Amino acid sequence: MKQIPDQAIYNYFDQRNLDVSIHDPGEDNEKRVIVANWNDVHNSMTEYLESYFEIDWEDESTTCCECYCHIHTSPGYYGDPGNFIWTGFGAVCKPCVIDNVESYLEEFTFWSDSTMYQYKAIPSWLVEHLEANNFVPFYSINSDCKDAYESGLHAGQTDTPEKVAKLVTSELGPVEMLFCIDSAGQFDVHFSAYIKKEI
Ligand SMILES: [Zn+2]
């Protein structure tokens with residue numbers, strides 16, 4: 001069976017006043033991805049397209065703002081970090097982030113005494129790139145291991161980025177730092193802090 005041309009697919013959706021887009025495969029895909037609201041598409045058409053494309057939903061998809069590959073934006077499970085990050089320009093896929101890791105880490109770095117900062121955190125898959133970029137885990141003087149913080153609904157999960165940034169400043173003075181989400185569950189988030197070494 002020969003695949004119909006993309007243009008014929010666009011025409012089919014156009015004639016029915018439906019949105020459709022076809023994305024190049026991303027990190028999680030083997031085939032090109034076709035994106036639409038499948039509730040509005042006839043089953044037989046969806047099944048036909050499924051034999052040539054991976055199918056995704058328009059409200060769970062975007063494209064990388066660097067390479068335009070497909071990005072599935074909704075988590076597959078609680079705590080799924082996703083193979084992408086959100087930036088001021090949109091979503092960026094993991095391979096593009098890793099290609100330019102220094103400048104993307106910069107987006108997450110802030111001064112510990114900054115009050116203007118809107119806290120965000122790197123996904124755990126970026127941790128292995130921290131050391132090469134001069135970040136070291138923050139060790140509180142009250143602890144001899146890497147501190148991991150918890151924020152959530154369970155008793156004692158009262159850490160917040162603001163509190164940790166204040167602790168860092170009180171022990172080290174103002175330093176450049178970032179947060180990492182180590183894991184996230186339905187009701188809590190585990191995170192850690194890294195500080196930038198002065199070189
Ligand atoms: Zn990309």
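The values are calculated or read from the model by the stated rules, or taken from the named source; none is laboratory data. Remember, predicted model here, so these are calculated numbers, not experimental data. Don't worry about glycine lacking a Cβ; one is built from the backbone with ideal geometry, like all the others, and counts go over all protein chains shown.
Key figures
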| quantity | calculated |
| --- | --- |
| Those residues of the stretch 45-78 which are surrounded by 13 or more Cβ atoms within 10 Å (Cβ to Cβ) and touching a Gly at 6+ places or on another chain (Cβ under 6 Å), in sequence order | 65, 69, 70, 71 |
| Identity of the residue in the stretch 87-98, surrounded by fewer than 17 Cβ atoms within 10 Å (Cβ to Cβ) and in contact (Cβ under 8 Å) with a residue 24 or more places away in the chain, that ends up nearest to residue 168 (Cα to Cα) | 98 |
| Per-region count, the stretch 80-121, residues of a type in the set (A, V, I, L, M, F, W, C), away from the ligand (no atom under 16 Å from the Cβ) and in a helix (DSSP H, G or I) | 2 |
| Criterion (surrounded by 12 or more Cβ atoms within 10 Å (Cβ to Cβ) and modelled with pLDDT under 85) met by exactly one of 163, 197, 146 | 146 |
| Answer residue from the stretch 5-31, given it is free of Cβ contacts under 8 Å to residues at least 24 places away in the same chain and part of a loop (DSSP other than H, G, I, E, B) and is surrounded by the fewest Cβ atoms within 10 Å (Cβ to Cβ) among those | 17 |
| Residue count for the stretch 67-79, restricted to those that are more than 10 Å from the ligand (Cβ to nearest atom) and either in a loop (DSSP other than H, G, I, E, B) or closer than 18 Å to residue 180 by Cα (or both) | 7 |
